[in-house]
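The values are calculated or read from the model by the stated rules, or taken from the named source; none is laboratory data. Being a predicted model, the structure only gives us computed values, none of them experimental. When we count neighbours, we look across all protein chains shown, and the Cβ atoms used for this are built from the backbone with ideal geometry, even at glycine. Surface areas here come from the heavy atoms of the whole protein model, side chains and all, with no ligands, DNA or RNA. Shrake-Rupley method; radii C 1.70, N 1.55, O 1.52, S 1.80 Å.
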Amino acid sequence: MDERFERYVTELFAAEDPILSKIRARHAAENLPAINVSPEEGKLLYLLLLTIGAKRALEIGSLGGYSGVWLARALPPGGELTTIERDPKHAKIARESFATARLHGRVQLIEGSALDVLPTLHPGFDAVFIDADKEPLPKYFEWGMRLLRRGGLLLCDNAFFHGAAIDENDRSGPALGVRAFNELAARDPRLVATIIPVRDGLVIGLKTRDAA
Ligand code: SAH
Ligand code: DHB
Ligand code: MG
């Protein structure tokens with residue numbers, strides 16, 4: 001999206017409170033990669049979870065907890081965000097962010113590689129947000145579908161992957177992963193899905209059926 005429109009949306013609809021600003025400032029101070037969702041994408045995640053009354057959400061790829069705060073804020077007391085992060089430094093900062101946002105009671109951060117952690121989780125999630133490494137995206141798709149309840153939301157960041165999604169000459173592992181994920185999401189009969197062109201593209205899908 002044009003940066004001017006992005007700024008307009010952010011200022012009008014996704015203005016950060018001091019807590020989110022502080023979390024982003026710490027992100028920068030700790031030299032974390034600036035690949036967190038944008039405020040308007042965070043607001044969209046928050047809104048999507050609210051629309052389905054999500055109580056249990058799963059995130060793959062916590063980084064410093066920025067998207068996690070948006071997701072966890074959508075959950076009612078007693079709800080829980082499970083978020084998976086394999087980098088110990090990122091995990092530590094994310095834990096601090098959840099504490100800063102007074103959400104630590106509502107967030108379970110599991111430190112480890114997603115493909116090791118996913119088989120240990122109980123199904124029945126209301127929403128799954130995928131935002132980690134791109135090469136295994138087809139596997140994350142299958143795990144997401146397995147762990148979601150019917151009526152749950154499958155969400156995946158970086159649907160465009162800076163243009164790599166539509167660059168046929170890009171045969172890199174991450175580009176192939178993103179493309180394969182998008183095709184699975186578009187064609188799977190259990191899902192009604194589309195891409196919202198926010199930031200780098202967000203796939204959103206509603207799991208309408210348990211079986212094809
Ligand atoms: N969702 C975050 C950004 C995530 S960036 C936000 O918007 O605020 C991607 C994160 O995924 C990084 O912290 C990286 O360490 C983590 N990651 C990458 N591959 C992973 C894997 N296989 N398992 C778990 N975490 C992984
Ligand atoms: C990049 C951005 C992301 O949102 C992400 O999840 C991974 C990588 C990037 O800009 O490289
Ligand atoms: Mg991302």
Could you please find all residues in segment 49-64 being open to solvent by 20 Å² or more (accessible area, probe 1.4 Å) and part of a helix (DSSP H, G or I)?
LEU50, THR51
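Quick check on my filter: what residues within segment 189-212 are touching a residue at least 12 places away in the same chain (Cβ under 8 Å) and polar (S, T, N, Q)?
Initial filter on segment 189-212 (touching a residue at least 12 places away in the same chain (Cβ under 8 Å)): 189-193, 195-212.
If the condition is that a residue be touching a residue at least 12 places away in the same chain (Cβ under 8 Å) and polar (S, T, N, Q), then THR208 is the only one that fits.
Determine if segment 5-18 includes at least one residue that is within 15 Å of SER97 (Cα to Cα) and part of a helix (DSSP H, G or I).
Of all residues in segment 5-18, those within 15 Å of SER97 (Cα to Cα) come to 16-18.
Subset that is part of a helix (DSSP H, G or I): 18.
Looking for residues that are within 15 Å of SER97 (Cα to Cα) and part of a helix (DSSP H, G or I), one finds at least one in segment 5-18, hence yes.
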Can you find a residue in segment 143-152 that is crowded, with 21+ Cβ neighbours inside 10 Å, away from ligand 2 (no atom under 16 Å from the Cβ), in contact (Cβ under 8 Å) with a residue 60 or more places away in the chain and within 27 Å of ALA25 (Cβ to Cβ)?
no
Pairs with Cβ under 7 Å, 6+ apart, first in segment 21-46 and in a helix (DSSP H, G or I), second away from ligand 2 (no atom under 15 Å from the Cβ) and β-branched (Val, Ile, Thr):
LYS22/THR100; ILE23/VAL69; ILE23/THR100; ARG26/ILE93; PRO39/THR10; GLU40/VAL9; GLU40/THR10
Which residue out of GLU30, GLU41 is more than 9 Å from ligand 1 (Cβ to nearest atom) and acidic (Asp, Glu)?
GLU30
Go through (1) without any contact (Cβ under 8 Å) to a residue 40 or more places away in the chain; (2) surrounded by fewer than 23 Cβ atoms within 10 Å (Cβ to Cβ) for GLU85 and report which single condition fails.
(2)
